Amino acid sequence: MSKALEILKSYAPATVAEENVLNDILDRLGRRTLDADAAVEQIIERLDWPLDRAAAEVDAYLE
């Protein structure tokens with residue numbers, strides 16, 4: 001299991017509202033309108049998630 005997935009397993013699943021915001025950010029990352037660092041910053045700002053969880057979400061998406 002990747003390090004990112006190990007980190008994510010330690011958190012409760014995202015709510016539907018959080019999932020919608022996360023999907024929007026990751027979609028923009030996939031379309032290259034955001035880079036990985038900006039995506040992490042957006043997750044932290046919009047979802048108020050800790051850095052390790054935000055970075056793990058981005059890393060898992062990019063794997």
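The values are calculated or read from the model by the stated rules, or taken from the named source; none is laboratory data. Since we're looking at a predicted model, the values are computed, not measured. Ideal geometry is used to build each Cβ from the backbone, glycine not excepted, and the neighbour counts take in all protein chains shown. Surface areas here come from the heavy atoms of the whole protein model, side chains and all, with no ligands, DNA or RNA. Shrake-Rupley method; radii C 1.70, N 1.55, O 1.52, S 1.80 Å.
Observations, loosely collected:
- Net charge, residue 22 excluded, C-beta distance under 12 Å - Lys, Arg +1, Asp, Glu -1: -2
- Dipole magnitude for the chain: computed about the Cα centre from +1 point charges on Lys and Arg Cβ and -1 point charges on Asp and Glu Cβ, it is near 120 debye.
- Candidate values (1) 29, 24, 17; (2) 50, 27, 14; (3) 23, 21, 21 were compared with Cα extents along the principal axes in Å computed on the shown model; the agreeing label is (1).
- Note that the chain presents 65 Å² accessible area per residue, ligands and nucleic acids not counted, probe 1.4 Å.
- Loop-located trypsin sites (Lys or Arg not before Pro) across region 1-54 with a Cβ neighbour count of 11 or fewer within 10 Å are 31, 32, with loop assigned by DSSP.
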